[in-house]
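Asker: Before I ask anything, let me first share the structure, which is written out below as structure tokens.
The values are calculated or read from the model by the stated rules, or taken from the named source; none is laboratory data. Note that this is a predicted model, so its numbers are computed, not measured. Don't worry about glycine lacking a Cβ; one is built from the backbone with ideal geometry, like all the others, and counts go over all protein chains shown. All accessible areas refer to the heavy atoms of the entire protein, side chains included, with ligands and DNA or RNA removed. Shrake-Rupley method; radii C 1.70, N 1.55, O 1.52, S 1.80 Å.
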Amino acid sequence: MTKKILSLLLVLYSMNAFAQKPEDTEDWSRKPVIVTPGEGTLPPSDAVILYRLPSDAENWMHINGGPIKWKAADELTVVGQTGNIRTKQEFGDVQLHIEWRSPSEIRGEGQGRGNSGVFLMGLYEVQVLDSYDNETYYNGQAGSIYKQQIPLVNACRPPGQWQTYDIIFKAPRFHDDGSLLSPAFITVIHNGVLIQNHVELKGGTRYIGAPEYVKHNEKLPLILQDHGDAVSFRNIWIREL
Ligand code: MG
């Protein structure tokens, strides 16, 4: 009797197994949009171009409004003491490609050599610094999340050479009462080398004091830093995610 029940159960089980079809686990709910990848370092078809030509200076403004005072040629170069610049457009979750070059003439040391910065949402800095044979506090060297996260490795090229950052950034979310709903996350690839792997940010990056989240808009401009050094940028493009 028990044997009969067992074999019946076995038959029922195998029937159920056969009842499941490959199609049951296929997902047709969202067709991915077609994007044409760029050749070499050219931007993909859906990217927002922030700087490729001198005329792209129009995409930027001085941090206080008004035109930028940096040198806008084939590349965009910091003119020291003129102030940070920001994009006119505002962004939240993004993929950002940016190329930078510290001056070939080595001047200064530590934080004073080829210093600039890429501020996601104007608040979260990925440090730009000539960190080729130039020691400083490790959470302040090139590719660090400034004073929050040391890069996994130092992938810096020598001064005067072009370097790339490919950054994937997830913006933080806030409750209506201003408290944090979910933190920001960042991944940074420097010259093709992973240096920040889905790092959870502790808040806005600060020169003095601990990082802290302060509720802000869902989208904010990208800011590039004038730290007094003639750092150049080119081929800047961004994709909203
Ligand atoms: Mg900086």
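Asker: So which chymotrypsin sites (Phe, Trp or Tyr not before Pro) in region 184-241 end up in coil per DSSP with only 14 or fewer other C-beta atoms within 10 Å? List each step's numbers first, then the result.
Answerer: Working: sites: 185, 207, 213, 233, 237; in loops: 207, 213.
Passing both the DSSP loop test and the Cβ count: 207.
Asker: Across region 175-191, in residue order, what do the Karplus-derived ³J(HN,Hα) couplings come to in whole Hz, using 6.51 cos²θ - 1.76 cosθ + 1.60 with θ = phi - 60° and x for Gly and Pro?
Answerer: For region 175-191, the Karplus-derived couplings read 6, 4, 7, x, 6, 6, 8, 8, x, 7, 10, 9, 10, 10, 10, 10, 6 Hz, x marking Gly and Pro.
Asker: For residue 106 and residue 45, FRET efficiency with R0 = 25 Å and r from the beta-carbon atoms, rounded to 0.05? Display every interim value, and only then the final one.
Answerer: Values: r = 39 Å, r/R0 = 1.57.
After rounding, the FRET efficiency stands at 0.05.
Asker: Computed over the Cα atoms, what is the radius of gyration of region 42-176 divided by 2.2 N^0.38 Å, N being its residue count? Spell out each step's value before the answer.
Answerer: Numbers: Rg = 15.3 Å, N = 135, 2.2 N^0.38 = 14.2 Å.
In units of the 2.2 N^0.38 Å rule of thumb, it is 1.08.
Asker: I would also like to ask the following. Output the relative contact order of the chain, whole-number percent, from Cα pairs under 8 angstrom with separation of 6+ residues.
Answerer: Values: 528 pairs, mean separation 63.0, N = 241.
Relative contact order here is 26 percent.
Asker: Nearest 500 deg cm²/dmol is fine: what mean residue ellipticity at 222 nm does the chain get from its DSSP H runs of n ≥ 4 alone, each adding -39,500 (n - 2.57), divided by its residue count?
Answerer: Details: 1 runs with 18 residues, N = 241.
Only helices count here, giving -2500 deg cm²/dmol.
Asker: Once you've got the GNM for the chain with C-alpha springs shorter than 10 Å, pick whichever of 160, 92, 38 has the biggest mean-square fluctuation.
Answerer: Per the Cα network of the chain with a 10 Å cutoff, 38 tops the list.
Asker: Quick check: the angle from helix 2-19's long axis to the longest principal axis of the chain, C-alpha only, nearest 10 degrees?
Answerer: Value to nearest ten degrees: 40.
Asker: Right, here's the next one. Work out the FRET efficiency for residue 35 and residue 216 from their Cβ-Cβ distance, taking R0 = 30 Å, and round it to the nearest 0.05. Each step should come with its number before you reach the end.
Answerer: Working: r = 29 Å, r/R0 = 0.97.
Rounded to the nearest 0.05, the efficiency is 0.55.
Asker: Please check: in the Gaussian network model of the chain (C-alpha springs, under 10 Å), which one of 100, 60, 28 has the largest mean-square fluctuation.
Answerer: In this elastic network of the chain, the residue with the biggest mean-square fluctuation among 100, 60, 28 is 28.
Asker: While we're looking at this one, here's another question. Heavy atoms only, probe 1.4 Å: what % of the accessible area of the chain goes to carbon and sulfur, would you let me know? Don't skip to the answer; put the middle values down first.
Answerer: Numbers: 7520 of 13750 Å².
About 55 percent, which is the carbon plus sulfur part of the accessible surface.
Asker: Continuing with the same structure: Filter the trypsin sites (Lys or Arg not before Pro) in region 145-241 down to the DSSP loop ones having no more than 15 other Cβ atoms within 10 Å, then list what survives. Don't skip to the answer; put the middle values down first.
Answerer: Details: sites: 147, 170, 173, 202, 206, 215, 219, 234, 239; in loops: 147, 202, 206, 215, 219.
Of the trypsin sites (Lys or Arg not before Pro), the ones in loops of region 145-241 whose Cβ has at most 15 other Cβ atoms within 10 Å are 206, 215, 219.
Asker: At residue 208 and residue 28, where each label point lies 7 Å from the Cα along Cα→Cβ, what is the point-to-point distance in nanometres?
Answerer: Computed distance between label sites residue 208 and residue 28 equals 6.3 nm.
Asker: What does the accessible area per residue of the chain come to in Å², with a 1.4 Å probe and no ligands, DNA or RNA counted? Before the final figure, lay out each step's value.
Answerer: Values: 13750 Å² over 241 residues.
Each residue of the chain exposes 57 Å² on average to a 1.4 Å probe.
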